[in-house]
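For reference, the structure is listed below as structure tokens.
The values are calculated or read from the model by the stated rules, or taken from the named source; none is laboratory data. Worth saying up front: this structure is predicted, and the values here are computed from it rather than measured. Cβ atoms come from the backbone with ideal geometry, glycine included; neighbour counts cover every protein chain shown. Quick note on the areas: whole protein, heavy atoms, side chains included, nothing else; ligands and nucleic acids left out. Shrake-Rupley method; radii C 1.70, N 1.55, O 1.52, S 1.80 Å.
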Amino acid sequence: MTDLTSLTLAAALDGMEKKQFSSVELTEAFIGAIDKANLHLNAYVVTTPDLARARAKQSDAKRAAGKAGPLEGAPLGIKDLFCTEGVRTTACSGVLGDFTPTYESTVTENLFRDGALMLGKLNMDEFAMGSSNETSKFGAVVSPWRRGNEEAKLTPGGSSGGSASAVSADLCLGATATDTGGSIRQPAAFTGTVGIKPTYGRCSRWGIVAFASSLDQAGPIAKTVEDSAILLQSMAGHDPKDSTSLPVETPNFRAACQRSIKGMTIGVPEEYRVDGMPPEIEALWQQGIEWAKDAGATIKPISLKHTKYALPTYYIVAPAEASSNLARYDGMRYGARVAGKDLNSVYENTRASGFGKEVQRRILIGTYVLSAGYYDAYYLRAQKVRQRIAQDFRDAFESVDAILTPATPSAAFALGEKSADPVAMYLNDIFTVTANLAGLPGLALPAATDANGLPLGLQVIGKALDEESVFAVSAALEKAANFRAKPAKWWA
Ligand code: GLN
């Protein structure tokens, strides 16, 4: 029998339905794989094998009784930003200590309702701030991918680095992730996996540790476009507990993956041809354009004029919201507390030792741009520019059905390579932050490998609430790209 861990989610669900193997067998295979790999990859910060085994048993019984849910018995990894009842949730920050929620996030609850089970909590950048997974309190995640024969450790991207590394190394069938400025799509692009950030409001944010509330969205990282559609189907849905969750029906995303893109118009924004873009990214984009044409789509050059302001806008809005959201970690309500001579010094000591350097930097920037005297010059102006960016997209979508861009400006870099230079790190997000600022769905899929054998990704951006077109275009590109590369399991 093939290694069960290398199956896609769709194939694994099918295999269980055909009684080729049970959820217990599948779950054991993943537990064994995690045991071997995690010491090397550091993808999981908590494993819950006993919980997984118990749930797998229940799933097998449900399937035998003809009561299987759409994800029955499927073992998943859960990003440590999602509150999981009775299982430690820290956002990989010291300030949360050993915080163990007494409630379940809506997204994980939806997945479990549909039969999925959890293998453990996945590593991430602290509070989802970062692009390399190096800001985690639990240490960096290592990518399973290597540059040719070099042994240098590469980043799986961030902030959902644990999710991307685990999916690409076959340590779960799929994973939850979140994306505030690219944290689903950039790690997916770096690891040859598929990640979709849906429309803002498609998934409930209830029970997800907040970073920047007007930008945060949950979504899956998976092995294929179809797998990501299956997972999003269960994750999405209106939730009265989140006032920004949209009261809309969830369409059939899996069916959308089968739609032909013949006759669709796909926009290619000139402004994404940034200075210093490596020729291989340019070539990949051109290749994507050719594939879309071959599948019957029409390509149209478009202009998204305010693109160059997106990164500075994001790095004002996101820290501003973060500084406000993170004010709640005062040593009184959650996890960690460091003693002090009076109340203020408890606050100070807890925050000074609990937050890492990058999080402190964001709190400082955010507090500064919101302070009296600077608010108009920075925060208010950034809000206005954000509206222009969203308007650019609305104008473009008058004449196109989807937009095609590269997912990242480079392939994965080595751990340590950019950690000393925050601005170099922020530049990673250049192609992804726009979709968050405009609230639009964006999907990253693997399309080619570079000269060193590392994955490179394309991004498909859609209209608000039109994930179906995003899935259709992505599935067509996936078929044409026929990306088959897998990292060697050098740890096994
Ligand atoms: N890399 C970006 C940041 O550091 C995006 C992070 C995210 O999407 N959570 O803010």
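For K197, the lysines whose Cα falls under 18 Å of its own Cα, not counting residues fewer than eight places away in the same chain, are K79, K223, K463.
Note on the chain: with neighbouring protein chains present and a 1.4 Å probe, carbon and sulfur make up 52 percent of its accessible heavy-atom surface. Would you please classify the overall shape of the range 366-409 from the alpha carbon gyration tensor, given that a ≥ b ≥ c denote the square roots of the eigenvalues, rounded means a/c under 1.5, and beyond that prolate means a/b larger than b/c while oblate covers the rest? Cα axes put the range 366-409 in the oblate bin.
With a ≥ b ≥ c taken as the square roots of the eigenvalues of the C-alpha gyration tensor of the range 1-110, please select rounded if a/c is under 1.5 and otherwise prolate if a/b is larger than b/c or oblate if it is not?
Here the range 1-110 falls in the oblate category.
Between S136 and E126, the built amide H atoms are under 5 Å apart, and every one of these is 5 or more places off in sequence or on another chain.
Considering every Cα-Cα pair within the range 426-492, what fraction, in whole percent, is farther apart than 14 Å? Within the range 426-492, distances greater than 14 Å cover 65 percent of Cα pairs. For the range 408-485 versus the range 71-106, the spacing of their alpha-carbon centroids is 26 Å.
Have a look at the DSSP beta bridges in the chain and tell me what percent are antiparallel, nearest 5.
Within the chain, antiparallel bridges account for around 70 percent of the total.
Can you give me the C-alpha center-to-center distance between the range 226-267 and the range 284-345, rounded to a whole angstrom? For the range 226-267 versus the range 284-345, the Cα centre distance is 21 Å.
Distance between the modelled labels on S260 and K486, one decimal in nanometres: 3.3 nm (7 Å Cα→Cβ projection).
Rg/Rh, computed from the Cα trace of the range 95-166 with Rh as the Kirkwood radius, has the value 1.06. In the chain, helices alone account for a calculated mean residue ellipticity at 222 nm of -11500 deg cm²/dmol, with every DSSP H run of four or more residues adding -39,500 (n - 2.57). Charge tally around L96: other residues with Cβ under 13 Å, Lys/Arg +1 each, Asp/Glu -1 each, net +3.
Average accessible surface for the chain: 38 Å² per residue, computed with a 1.4 Å probe over protein heavy atoms with every protein chain in place.
Each Lys and Arg Cβ is given +1 and each Asp and Glu Cβ -1; about its Cα centre, the chain then shows a dipole of about 380 debye. Amide H contacts under 5 Å for V45: K121, L122, N123, restricted to partners 5 or more places along the chain or on a different chain, H placed in the peptide plane at 1.01 Å from N.
Take the Cα radius of gyration of the range 412-460 and divide it by 2.2 N^0.38 Å, with N its residue count; two decimals is plenty.
So the Cα radius of gyration is 1.35 times the expected 2.2 N^0.38 Å.
The residues packed around T405, meaning those with a beta-carbon under 12 Å from its beta-carbon, carry a net charge of -1 if Lys and Arg are +1 and Asp and Glu are -1. Extent of the chain along its three principal axes (Cα atoms, max minus min coordinate, largest first): 63, 53, 50 Å.
Each 10 Å bin from 0 upward holds the following percent of the Cα-Cα pairs of the range 251-338: 13, 24, 23, 20, 14, 6, 0. Take 176-184, 219-227 and order them by the average number of nearby Cβ atoms within 10 Å per residue, most first; the result is 176-184, 219-227. The mean of 1/r over all distinct Cα pairs in the range 136-229, once inverted, gives the Kirkwood hydrodynamic radius of 13.5 Å.
Taking all Cα-Cα distances within the range 282-323, those exceeding 16 Å account for 60%.
For G182, what is the net charge nearby, where nearby means another residue's Cβ is under 9 Å from its Cβ and Lys, Arg count +1, Asp, Glu -1?
0
Shape class for the range 343-470: oblate, because the ratio a/c of the largest to smallest gyration tensor axis (alpha-carbon atoms, square roots of eigenvalues) is 1.5 or more and b/c is at least a/b. With unit charges on the beta carbons (Lys and Arg positive, Asp and Glu negative) and the dipole taken about the Cα centre of the chain, which residue among G130, S243, L437 sits farthest to the positive side? Highest projection toward the positive end goes to S243. Report note on the peptides 432-442, 260-270: ranked by the mean count of other C-beta atoms within 10 Å, highest first, their order is 432-442, 260-270.
Computed over the range 323-405, the quotient of the alpha carbon radius of gyration and 2.2 N^0.38 Å is 1.65.
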